[in-house]
Amino acid sequence: MKKWLSQIILFTFFFFLYLTPVVGQNTLTTLGLTSATPAASSYSLRKMSSTYSGPLARITIGTNYYDVYPDTTSGLFELTSKISAAMTTYNAAVAIASTNALSTVITAGTTNATVAIWYDQSGNANNVIQATAANQPRIINLGNIEKLNGMPTLRFVGASSHFMESVNNVNIAGASSVNAVSSSISSSANTANIVTTKAVTAFDGLTQANASTSALQIKTDYPSSPDGVYWINLPTVGAKQVYCIMNSAIDGGGWMLAMKATSTATTFSYVSTYWTAVNTLNPTDVTRNNADAKYDVMNYFSAKDMMAIWPDIPNSGAESGSIDNLTNWTWLQNNILGGTRVTPINFFATSAGVSKMVMDADLFSGKGTAFSGQTQVRFYGFNYEGNPNAKVRWGFGWNENAAGLFPLGDQGSNDVSGGVGMGTNFGNYSAGDKINCCQNTTGINRAARVEVYIR
């Protein structure tokens, strides 16, 4: 990161780079931050964290270098601050504080000091350096600490004065902000370069090296990202190519394709191990083409929300299921496990997902005109097992005998079923809607294509 100025002289009191996903070892308590708001880098002439125990800066005086520690009372860079023993190279290892104060190496009216290293207080060791003394910002002028509004500061002087490059790359894995306090006191055509990072990596998912942690993270960091294939760094298996829906009209976007099914196969029937085991099917087919596929996203990504797009079920006017005003039917279920994140295979394999009713099926917006129903049971949710021959991984349980909403009602002779991952009496469809008899509403009544996304 660079900041270019139209003035040659700059005062700065503190500077820190805040990256939301990067967890530093030290919380910047002086700024009132918490562990939920970590900093990737933090540079200041005061102690920024109660847990930071290192020096504030390494100063240059003549041919010697000293590490200067925060004053034990004020936490500031002061003449009473403890210093290390003298070093003869700017890049020597960090030196511990001695019993000597900074004032012991300063002569009033004579001594000048500049800064060779500004130490990163975040705990990420992103120190910034300037090896050339003539280009270092000044911290002490003729025996006096440079100050602005009574606080210690750095002063950039001279046409070639610029600050430091970080010793490490600064990786940006999410939304970030940069905060600095500075003041210009001179107008000049010259420029001063405060801090540059050695390299900045943007995890935009466009290459394997820049794989992001999820489609939602990419959407957050790069809101204009289009739908398409991105590299996602999945737990256990690492970076994989994943088809992602970024369109904000699709419940805000940030969706990753976990599986897709054709309308002509029973690959993903209720009993298929693809629902509960770590396996894949055609994982390199990262398109929305009409085909069967299951991806590692379903095996390893801990999701909170689930969505289905039904490519061969068209909208009905403005109605398109859970998300209206689209061209194809949709199902949307946010917070599939009450907001707790879970991998889909674990959700479908464990009791957490068994006969997990979400609501009365007649109230589910995804039913609409596309799916058939009956008057009783009216289960909508996951892993319906009320009737052993009418099981469904995500969808409906219906009957018309004996009044009652699930778990009440007669579930011994279900006549209608629909959803994703269907049971033996209903064609073992990977997905669709099927009537055997006695419906009170009629939907598509056939197998259907489906794409299942998570985030």
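Looking only at the range 214-258, residues that are polar (S, T, N, Q) and touching a strand residue (DSSP E or B) at 6+ places or on another chain (Cβ under 6 Å) come to 2 in all. If the condition is being closer than 12 Å to residue 253 by Cα and among the acidic types (Asp, Glu), then the range 204-238 contributes only 227. Note on the range 200-227: residues that are assigned to a strand (DSSP E or B) and surrounded by 14 or more Cβ atoms within 10 Å (Cβ to Cβ) amount to 3. The set of residues in the range 412-423 that are at pLDDT 95 or above and over 19 Å from residue 329 (Cβ atoms) comprises 414, 415, 423.
Taking the listed residues 240, 219, the one that is of a type in the set (D, E, K, R) and within 12 Å of residue 297 (Cα to Cα) is 240, with no other qualifying.
Within 29 Å of the chain's Cα centre (by Cα) and modelled with pLDDT under 90: is that true of residue 218 in this structure? So residue 218 fails the test.
Scanning the range 327-382 for residues that are buried (at least 21 other Cβ atoms within 10 Å of the Cβ), of a type in the set (Ser, Thr, Tyr) and over 28 Å from the mean Cα position of the chain (by Cα) gives 372, 380.
Does residue 26 fit the bill of being at pLDDT below 95, surrounded by fewer than 18 Cβ atoms within 10 Å (Cβ to Cβ), closer than 14 Å to residue 119 by Cα and assigned by TED's automatic domain parsing to the domain that holds residue 118?
Working: at pLDDT below 95: yes; surrounded by fewer than 18 Cβ atoms within 10 Å (Cβ to Cβ): no; closer than 14 Å to residue 119 by Cα: yes; assigned by TED's automatic domain parsing to the domain that holds residue 118: yes.
In short, no.
Does residue 161 meet the test of being within 30 Å of residue 46 (Cβ to Cβ), modelled with pLDDT under 90, surrounded by 19 or more Cβ atoms within 10 Å (Cβ to Cβ) and in contact with a Pro (Cβ under 9 Å, 6 or more places away or on another chain)?
Working: within 30 Å of residue 46 (Cβ to Cβ): yes; modelled with pLDDT under 90: yes; surrounded by 19 or more Cβ atoms within 10 Å (Cβ to Cβ): yes; in contact with a Pro (Cβ under 9 Å, 6 or more places away or on another chain): yes.
When the stated conditions are applied, residue 161 passes them.
Tally up the residues in the range 334-368 that are part of a loop (DSSP other than H, G, I, E, B), farther than 26 Å from residue 254 by Cβ and either in contact with a Gly (Cβ under 7 Å, 6 or more places away or on another chain) or of a type in the set (Gly, Ala, Ser) (or both), please. Please lay out each step first, then the result.
Just the residues of the range 334-368 that are part of a loop (DSSP other than H, G, I, E, B), to begin with: 334-341, 343, 350, 354-355, 364-368.
Filter once more, so that each one left must be farther than 26 Å from residue 254 by Cβ: 354-355.
Of the ones still in play, those that are also either in contact with a Gly (Cβ under 7 Å, 6 or more places away or on another chain) or of a type in the set (Gly, Ala, Ser) (or both) are 355.
Final tally of qualifying residues: 1.
Take the conditions (1) farther than 16 Å from residue 440 by Cα; (2) under 40 Å from the mean Cα position of the chain (by Cα); residue 425 misses just one of them, which is (2). Just give me the residues in the range 297-325 being closer than 24 Å to residue 217 by Cα and out of contact with any Pro (no Cβ under 9 Å at 6 or more places or on another chain), in sequence order. Within the range 297-325, 304, 305, 307, 308, 309, 322, 323 qualify.
Of 34, 63, 20, which residue is out of contact with any helix residue (DSSP H, G or I) (no Cβ under 7 Å at 6 or more places or on another chain), at pLDDT 75 or above and farther than 25 Å from residue 112 by Cβ? Sole residue among the options that is out of contact with any helix residue (DSSP H, G or I) (no Cβ under 7 Å at 6 or more places or on another chain), at pLDDT 75 or above and farther than 25 Å from residue 112 by Cβ: 34.
Just a yes or no: is a residue in the range 431-449 within 14 Å of residue 376 (Cα to Cα) and under 40 Å from the mean Cα position of the chain (by Cα)? The answer is no; no qualifying residue exists.
Residue-by-condition table, conditions (1) basic (Lys, Arg); (2) part of a loop (DSSP other than H, G, I, E, B); (3) within 24 Å of residue 443 (Cα to Cα):
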{"site": "285", "(1), (2), (3)": "no, yes, no"}
{"site": "299", "(1), (2), (3)": "no, no, no"}
{"site": "312", "(1), (2), (3)": "no, no, yes"}
{"site": "324", "(1), (2), (3)": "no, yes, yes"}
{"site": "332", "(1), (2), (3)": "no, no, yes"}
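Look through the range 59-99, keep the residues that are among the β-branched types (Val, Ile, Thr) and without any contact (Cβ under 8 Å) to a residue 12 or more places away in the chain, and return whichever of them is surrounded by the fewest Cβ atoms within 10 Å (Cβ to Cβ). Don't jump to the end; show me each part of the working.
First, the residues of the range 59-99 that are among the β-branched types (Val, Ile, Thr): 59-61, 63, 68, 72-73, 80, 83, 88-89, 94, 96, 99.
Restricting the remaining residues to those that are without any contact (Cβ under 8 Å) to a residue 12 or more places away in the chain gives 72-73.
Values: 72: 12, 73: 8.
Checking each candidate, the answer is 73.
The values are calculated or read from the model by the stated rules, or taken from the named source; none is laboratory data. Worth saying up front: this structure is predicted, and the values here are computed from it rather than measured. Glycine also receives a Cβ, built like all others from the backbone with ideal geometry; neighbour counts cover every protein chain displayed.
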